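Asker: Mind having a look at this structure? Questions to follow.
The values are calculated or read from the model by the stated rules, or taken from the named source; none is laboratory data. Only a predicted model underlies this, so the values are computations on that prediction, with no experimental measurement involved. Every residue, glycine among them, receives a Cβ derived from its backbone with ideal geometry; neighbour counts consider all protein chains shown. Heads up: the accessible areas ignore ligands, DNA and RNA and are worked out on the full protein's heavy atoms, side chains in. Shrake-Rupley method; radii C 1.70, N 1.55, O 1.52, S 1.80 Å.
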Amino acid sequence: MMARLNAARVAEELTAIQGLSRAELVARWEKAYRCPPPKGISRRLLEYSAAYQVQVRAFGGLTAASRRKLKQPKPENGRPVCRQKKAPKALASGTRLVREWHGQKHHVEVLREGVAYNGHLYASLSEVARVITGARWSGPRFFGL
């Protein structure tokens, strides 16, 4: 492994990458990844790879946690797996929420049958938020939950 580089040397090496031939860039790729680059890879990507390798030598590479995450198997369909948001905890009956909107305070009470606001019963906080604002809002977001 080569010694770490100082900032001036890093700047010199990064500037020099632009002047390398494609064959030299391919050789750097093969040295770094121990395999030939993918067929049809652009010169630009070869330059990015060479620049990354210079920076790894100077400043260090990915953390162990990042490398583990990148090595995790991909789903069969090749699409990334999106994390499912946790379902929000249901508000306990009797909870009172207060929200100020355009200088006026709005008080809402959560009941077993729905949400009480201004003497009316609504099915959800989103309905109440719509009544207050006149626009479609996420009720939990509107009330800061």
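Asker: What value, in deg cm²/dmol to 500, does the helix sum -39500 (n - 2.57) over DSSP H runs of n ≥ 4 give at 222 nm once divided by the residues of the chain?
Answerer: When only DSSP H runs of four or more count, the value is -12500 deg cm²/dmol.
Asker: Note down the magnitude of the dipole of the chain about its Cα centre, charges +1 on Lys and Arg C-beta and -1 on Asp and Glu C-beta and zero elsewhere, to the nearest 20 debye.
Answerer: So the dipole magnitude of the chain works out to roughly 480 debye.
Asker: Could you give the angle, 0 to 90 degrees to the nearest 10, between helix 22-33's Cα long axis and the longest principal axis of the Cα atoms of the chain?
Answerer: That works out to roughly 60 degrees.
Asker: Still on this structure: Pairwise over distinct Cα atoms, reciprocal of the mean inverse distance: report the Kirkwood radius of the chain in Å, one decimal place.
Answerer: Mean inverse Cα-Cα distance, inverted, gives 21.2 Å.
Asker: Ok, one more. Please work out the FRET efficiency for the pair ALA51 and ASN77, using the Cβ-Cβ distance as r and a Förster radius of 35 Å; give the result to the nearest 0.05.
Answerer: Calculated transfer efficiency: 0.60.
Asker: Please work out how much length the chain gains when fully extended from THR95 to ALA16, using 0.36 nm per residue of separation minus the C-alpha to C-alpha distance, in nm with one decimal.
Answerer: Full-extension gain reported as 21.9 nm.
Asker: Could you give each residue of the range 59-75 its phi-based ³J(HN,Hα) in whole Hz, using Karplus coefficients 6.51, -1.76, 1.60 with θ = phi - 60°, and x for Gly or Pro?
Answerer: Using θ = phi - 60°, the values come out as 10, x, x, 5, 6, 4, 5, 5, 5, 4, 5, 5, 7, 4, x, 8, x Hz.
Asker: Testing the spin-label approximation: label points 7 Å from Cα along Cα→Cβ at LEU145 and ARG9. State their distance in nm.
Answerer: Computed distance between label sites LEU145 and ARG9 equals 5.9 nm.
Asker: Ignoring ligands, DNA and RNA, what accessible area per residue does the chain give at 1.4 Å, in Å²?
Answerer: Averaged over the residues of the chain, the accessible area is 80 Å².
Asker: Here is a further query. Can you give me the Cα centroid spacing of the range 45-63 and the range 83-145 in angstrom?
Answerer: Here the two parts' Cα centres lie 50 Å apart.
Asker: I've got another one for you. If contacts are Cα pairs under 8 angstrom and at least 6 residues apart, what is the relative contact order of the chain in percent?
Answerer: 13
Asker: State the answer as a single residue: which of TYR33, ALA7, HIS102 lies farthest towards the positive end of the charge dipole of the chain, with beta carbon charges of +1 for Lys and Arg and -1 for Asp and Glu, about the Cα centre.
Answerer: TYR33
Asker: Rounded to whole Hz and in sequence order, give me ³J(HN,Hα) for the range 135-145 from the Karplus expression 6.51 cos²θ - 1.76 cosθ + 1.60, θ = phi - 60°, writing x for Gly and Pro.
Answerer: 9, 7, 10, 6, x, x, 5, 4, 8, x, 8
Asker: Remind me, relative contact order of the range 11-55 in percent, using alpha carbon pairs under 8 angstrom and six or more residues apart?
Answerer: Relative contact order, the range 11-55: 47 percent.
Asker: Straight-line reach only, C-alpha to C-alpha below 28 angstrom: list the lysines that LYS89 could link to, leaving out same-chain residues fewer than 8 apart.
Answerer: Reachable lysines: LYS105.
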